[in-house]
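**Q** Please see the structure below; I have some questions.
The values are calculated or read from the model by the stated rules, or taken from the named source; none is laboratory data. As the structure is a prediction and not an experimental result, all values here were calculated from the model. Positions of Cβ are backbone-derived with ideal geometry, glycine not excepted, and every protein chain shown enters the neighbour counts. Ligands, DNA and RNA are excluded from the accessible area calculation, which covers all protein heavy atoms including side chains. Shrake-Rupley method; radii C 1.70, N 1.55, O 1.52, S 1.80 Å.
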Amino acid sequence: PHKKFRTEEDRNELHRKIETMYSMKIKTRIDNILRVAWVEDILYENGVFVGYVMPRVTVPYKIFHVTRDDRKKIFPNYTWKYSVQYAYNLSWVVWYLHMNDIIIGDMNMNNIAVGSRGEVVLIDCDSFDIWDKKTGVHYKCTVGLRELLAPELQMVGKLSNATFSKESDNFSLAIHIFRLLMNNADPFGAKVYGRNRDSKTAVSANQAIINGECPHFRTVPDKKVPDYAPGLDLLPPDIAAAFTRTFLYTQATVRTSMKNRTTAEQWNRLLLKYAQPEPNPYLRTCDADAAHVYPIHHTTCPFCAARKKKALLGQKENRLI
């Protein structure tokens, strides 16, 4: 059953939305793998709507467990190739929903469940942004984590006034993929230095998204890429270019650049070759450390190079390296 409703209006609104979702008959399992915890049935008590049935999600982790630096506590054999596989599977399920004209909206870390074999399951589907094609009624997504929201959503103030879209989903998806492939570095996170260091006037992470202040792709005054973040040269050129199309913009070009964002389908096709099972011709394994798996465009191990650099700087070694 659903949590208690604040008002009968809330109950009726969700009831109509759940009925619409149920009528869409979205497949929850593809290739016998659970992909999305979609509505499977509707629950009533004495004829009154009280909730809905969804598939049981058994994967035990959330996506933040595989991006943060203590991932090896729960995934001892974790390497960069697993990051690619999670990114591939996440892009696939977003693409699948987009093909069915479903907008996710709130793609926060708690709504993405993952398993130890690369499984990705989207949950909390009743917050999705849904259109009823028969009636034309729009059941809007009104929630979202600011650090993952596209700039056009943040510029309108209250999310109840925002218009979620496939393009805004593509922006959030790119942030998740960037964190997966770039050692949990946020594309808009930065080390502040110069006159704004330790200053209350330093630009917030949310404002950095609005302004397009992404230090990985453009020069941002008083900001630089955090020390723990690998360089963009870690990524294959086609993957780096896909991020550039999404994150290289300014506040003035947000609206015109939305159509340039890498789509879920494009991400899926780009990541496919790097997510293939072993032996994978697009990945190398380091001769010195089998835990170091990296794209084939590198002639030497970038993780060993990063380890040596951090040792020289006297910094604590990251667990991925």
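**Q** Going through the range 64-101 one residue at a time, which ones are over 17 Å from I175 (Cα atoms), open to solvent by 30 Å² or more (accessible area, probe 1.4 Å) and not in a helix (DSSP H, G or I)?
**A** D70, I74, P76, N77, N100, D101
**Q** For a quick check of your reading: which helices (runs of 4 or more DSSP H) sit entirely within the range 204-321 and have at least 2 residues that are surrounded by 14 or more Cβ atoms within 10 Å (Cβ to Cβ) and at pLDDT 95 or above?
**A** Where helices (runs of 4 or more DSSP H) fall fully within the range 204-321 and carry at least 2 residues being surrounded by 14 or more Cβ atoms within 10 Å (Cβ to Cβ) and at pLDDT 95 or above, they are 237-247, 264-272.
**Q** Of all residues being among the charged types (D, E, K, R) and at pLDDT 90 or above in the range 154-172, which is least open to solvent (accessible area, probe 1.4 Å)? Just the residue, please.
**A** Per the criteria, the residue is D169.
**Q** Let me ask you something else. If you go through the range 42-63 one residue at a time, how many are more than 22 Å from the chain's Cα centre (by Cα), β-branched (V, I, T) and surrounded by 15 or more Cβ atoms within 10 Å (Cβ to Cβ)?
**A** The qualifying residues number 2.
**Q** Just for the range 192-203: of the residues that are among the β-branched types (V, I, T) and either within 24 Å of L180 (Cβ to Cβ) or surrounded by 15 or more Cβ atoms within 10 Å (Cβ to Cβ) (or both), which one is modelled with the lowest pLDDT?
**A** Looking at the filtered set, the residue picked out is V203.
**Q** Do we have any residue at all in the range 6-19 that's in a loop (DSSP other than H, G, I, E, B), over 22 Å from K134 (Cβ atoms) and not hydroxyl-bearing (S, T, Y)?
**A** Within the range 6-19, one or more residues are in a loop (DSSP other than H, G, I, E, B), over 22 Å from K134 (Cβ atoms) and not hydroxyl-bearing (S, T, Y).
**Q** So, in the range 139-153, exactly how many residues are surrounded by 17 or more Cβ atoms within 10 Å (Cβ to Cβ) and out of contact with any strand residue (DSSP E or B) (no Cβ under 7 Å at 6 or more places or on another chain)?
**A** Counting residues in the range 139-153 that are surrounded by 17 or more Cβ atoms within 10 Å (Cβ to Cβ) and out of contact with any strand residue (DSSP E or B) (no Cβ under 7 Å at 6 or more places or on another chain) gives 8.
**Q** Can you tell me which residue within the range 173-191, out of those that are among the small types (G, A, S) and in a loop (DSSP other than H, G, I, E, B), is modelled with the lowest pLDDT?
**A** Step by step, filter the range 173-191, then rank; the result is A190.
**Q** Another question, then. Looking at the range 107-138, which of its residues are charged (D, E, K, R) and surrounded by fewer than 21 Cβ atoms within 10 Å (Cβ to Cβ)?
**A** Correct list: R117, E119, D124, D126, D132, K133, K134.
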